[in-house]
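One structure below.
The values are calculated or read from the model by the stated rules, or taken from the named source; none is laboratory data. Treat the numbers as computed from the prediction; the structure is a model and nothing was measured. FYI the Cβ positions are ideal-geometry reconstructions off the backbone, even for glycines, and counts take in every protein chain you see.
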Amino acid sequence: MADVETALRDWLADAKRVVIAGVGNPIRSDDYVGLKIAENLKGKVPSAVCVLECEMVPEGYLLDVEKFQPTHVLLLDAAVLGCKPGEANLVKFEDVPSFSAISSHALPLRLFCEYIEKATAAEVRLLLVEPENTELGECLTPEVAATAEKLTKTLLKLLSGLSSV
């Protein structure tokens, strides 16, 4: 987790306006992790941060992202990357070869990221968490829940330094 915190700190070092977009399915157990983190951040970040709970349709928030004029966009999602359950990775969307996000997004996240990058000139990253279970269910598994809590605390700490707009 220390590596993810360092990577986030470095990436956010010159951030002015940040969009955090939680993606996933709230009734597919660990696929809910991106939404859970976004929910945890809502109302606790400065106005220079826009938190969106996109569920399975991040493309439905394209105009919201553009209107906010972010310098940085962070998508939170579950992804099968072959890691241990609950392991998190901060990645460029270009670096995820087969785009392993497990949610059934109507628009592939790669296209969403490419569009946002071109439309806003923002730096786009994915904070991906390895799920343990994606069967129907409304609870995160213990490992993924612990990661969601740690990532929430890390993001709150890193984003608190942004000036309000």
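Residues being in contact with a Phe, Trp or Tyr (Cβ under 7 Å, 6 or more places away or on another chain) and either modelled with pLDDT of 95 or more or among the aromatic types (Phe, Trp, Tyr) (or both): count how many of those fall in region 23-53. Qualifying residue count for the region: 2.
Could you say which residue among Pro26, Pro46 is over 15 Å from the mean Cα position of the chain (by Cα) and of a type outside the set (S, T, N, Q)? Just a single option satisfies the conditions, and that option is Pro46.
Flag: Val124 matches the condition of being of a type outside the set (Phe, Trp, Tyr), surrounded by 14 or more Cβ atoms within 10 Å (Cβ to Cβ) and in contact with a Cys (Cβ under 7 Å, 6 or more places away or on another chain).
Considering only region 5-28, I want to know if a residue exists there that is assigned to a helix (DSSP H, G or I) and among the polar types (S, T, N, Q).
First, the residues of region 5-28 that are assigned to a helix (DSSP H, G or I): 5-12.
Retained after the next criterion (residues that are among the polar types (S, T, N, Q)): 6.
Scanning region 5-28 turns up at least one residue that is assigned to a helix (DSSP H, G or I) and among the polar types (S, T, N, Q).
In the set (1) of a type in the set (D, E, K, R); (2) within 19 Å of Leu155 (Cβ to Cβ); (3) out of contact with any strand residue (DSSP E or B) (no Cβ under 9 Å at 6 or more places or on another chain), the condition left unmet by Glu53 is number (3).
For region 117-165, name all the residues that are free of Cβ contacts under 8 Å to residues at least 60 places away in the same chain and touching a strand residue (DSSP E or B) at 6+ places or on another chain (Cβ under 8 Å). Selection gives Glu117, Thr120, Val124, Leu126, Leu128, Glu130. Taking every residue in region 1-16 that is farther than 13 Å from Glu123 by Cβ and pairing it with any residue that is of a type in the set (Ser, Thr, Tyr) and part of a helix (DSSP H, G or I), at least 6 positions away or on another chain, the pairs with Cβ-Cβ distances below 7 Å are Glu5/Thr154. Scanning region 18-49 for residues that are surrounded by fewer than 20 Cβ atoms within 10 Å (Cβ to Cβ) and over 14 Å from Lys157 (Cβ atoms) turns up Pro26, Ile27, Glu39, Lys42, Gly43, Ser47, Ala48.
For the structure I just gave you, tell me whether Glu114 is modelled with pLDDT of 95 or more and among the acidic types (Asp, Glu).
Working: modelled with pLDDT of 95 or more: no; among the acidic types (Asp, Glu): yes.
So Glu114 fails the test.
Once region 69-102 is narrowed to residues that are more than 14 Å from the chain's Cα centre (by Cα) and aliphatic (A, V, I, L, M), the residue that is modelled with the highest pLDDT is Val80.
Looking only at region 31-46, residues that are within 10 Å of Leu76 (Cβ to Cβ) and either among the charged types (D, E, K, R) or assigned to a loop (DSSP other than H, G, I, E, B) (or both) come to 1 in all. Residues that are aliphatic (A, V, I, L, M), surrounded by 13 or more Cβ atoms within 10 Å (Cβ to Cβ) and over 24 Å from Asp10 (Cβ atoms): does region 145-160 have at least one? Yes, some residue in region 145-160 is aliphatic (A, V, I, L, M), surrounded by 13 or more Cβ atoms within 10 Å (Cβ to Cβ) and over 24 Å from Asp10 (Cβ atoms).
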